[in-house]
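Asks: My questions will all concern the structure given below.
The values are calculated or read from the model by the stated rules, or taken from the named source; none is laboratory data. Remember, predicted model here, so these are calculated numbers, not experimental data. Counting neighbours? That spans all protein chains shown, and the Cβs are built from the backbone with ideal geometry, glycine included.
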Amino acid sequence: MKSMVWAFFIAFLGFKANASDIDKLKILADDYAPYSYSENGKVTGLAVDMLDAVLKKSGSTLTGNDIEIVPWANGLKQLGNGPNVVLFTITRTEARENMYKWVGPITASKQVVFAKKGSGVAINSYDDLKKYKIGVVRGELGEDLLEKNGVDKTSIDASSNSSANVKKFNAGRFDLLVGENTVIPYEYKRLGFDPSELEEVFTMSEAHFYYAFSKDVSDEVISSLQSALDELQKDGSVDAIKAKY
């Protein structure tokens with residue numbers, strides 16, 4: 001009997017130690033509605049609510065209130081340097097696979113090129129993009145894909161976040177807008193523009209969004225958070241969060 005009690009006590013301490021390790025995380029996100037954004041002084045969004053639920057399930061004292069909104073390029077730099085950094089919402093790609101540790105997925109995602117409806121723009125390949133001025137968010141996957149596929153940097157207008165990118169596109173600063181297929185229409189509407197004016201003209205990639213962690217974060221922390229997310233997916237909590245957005 002004593003051995004059973006002792007084993008339970010050790011397991012309990014292990015869980016608490018793991019929760020304490022989770023509490024050391026520095027949580028970063030960018031302005032990326034509907035996944036993460038500031039509203040009335042509070043950080044909110046689909047991925048924020050999911051992470052909040054995961055942290056609670058894991059026994060952590062961290063909450064969505066501990067999330068810091070930063071420019072994406074700055075977040076990537078901190079993620080690469082560590083220590084104990086988590087950044088979202090980020091596309092998990094082959095090129096990024098070994099750069100970070102991962103928990104997810106959050107949702108499926110597409111990086112697409114938008115034009116204004118009625119513009120007559122037809123894009124069938126990256127070569128077709130080379131004659132246009134294109135807006136992106138600095139450091140995001142869209143910018144990487146354009147440069148990797150031979151689009152000249154002088155044709156790329158990089159903004160610090162999706163909101164600035166959308167505002168410049170709506171003002172006619174460039175011809176095409178690159179972004180995630182749900183983020184751009186959501187941001188368009190949030191800023192008071194009409195998303196029906198947008199038209200998807202080219203799909204650049206299809207993947208999934210994840211939470212990315214700096215490499216120094218322990219495998220035990222990653223496993224604990226992944227297990228919590230898996231449980232929330234099974235019991236319907238994740239679907240309920242997604243339905244809000």
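Asks: State whether one or more residues within region 78-86 are of a type outside the set (Phe, Trp, Tyr), at pLDDT below 95, surrounded by 20 or more Cβ atoms within 10 Å (Cβ to Cβ) and not assigned by TED's automatic domain parsing to the domain that holds Asn181. Talk me through it step by step, then tell me what you get.
Replies: If we filter region 78-86 for residues that are of a type outside the set (Phe, Trp, Tyr), which is where we start, we get 78-86.
From what's left, at pLDDT below 95: none.
Looking for residues that are of a type outside the set (Phe, Trp, Tyr), at pLDDT below 95, surrounded by 20 or more Cβ atoms within 10 Å (Cβ to Cβ) and not assigned by TED's automatic domain parsing to the domain that holds Asn181, one finds none in region 78-86, hence no.
Asks: Among the residues of region 92-99, is any touching a Phe, Trp or Tyr at 6+ places or on another chain (Cβ under 8 Å), farther than 19 Å from Ser223 by Cβ and surrounded by fewer than 21 Cβ atoms within 10 Å (Cβ to Cβ)?
Replies: Looking through region 92-99, none of the residues is touching a Phe, Trp or Tyr at 6+ places or on another chain (Cβ under 8 Å), farther than 19 Å from Ser223 by Cβ and surrounded by fewer than 21 Cβ atoms within 10 Å (Cβ to Cβ).
Asks: Can you tell which of Ala47, Ala53 is modelled with pLDDT of 95 or more, in contact with a Phe, Trp or Tyr (Cβ under 8 Å, 6 or more places away or on another chain) and either within 29 Å of Lys189 (Cβ to Cβ) or buried (at least 21 other Cβ atoms within 10 Å of the Cβ) (or both)? Break it down stepwise before answering.
Replies: Values: Ala53 fails: in contact with a Phe, Trp or Tyr (Cβ under 8 Å, 6 or more places away or on another chain).
Residue meeting the stated conditions: Ala47.
Asks: Now, a different point. If we only count helices (runs of 4 or more DSSP H) wholly inside region 126-245, which ones have 3 or more residues that are farther than 19 Å from Arg92 by Cβ?
Replies: Passing ranges, in order: 126-129, 162-170, 183-190, 219-234, 237-243.
Asks: Among Leu76, Leu28, which is out of contact with any helix residue (DSSP H, G or I) (no Cβ under 7 Å at 6 or more places or on another chain), outside any loop (DSSP other than H, G, I, E, B) and not small (Gly, Ala, Ser)?
Replies: Just one listed residue meets the conditions, Leu76.
Asks: Okay, next question. Do any residues in region 140-154 that are without any contact (Cβ under 8 Å) to a residue 24 or more places away in the chain and assigned by TED's automatic domain parsing to the domain that holds Lys77 have Cβ atoms under 8 Å from those of residues that are of a type outside the set (Gly, Ala, Ser) and surrounded by fewer than 18 Cβ atoms within 10 Å (Cβ to Cβ), where the two are at least six apart or on different chains, and which pairs are they?
Replies: From residues that are without any contact (Cβ under 8 Å) to a residue 24 or more places away in the chain and assigned by TED's automatic domain parsing to the domain that holds Lys77, there are no pairs.
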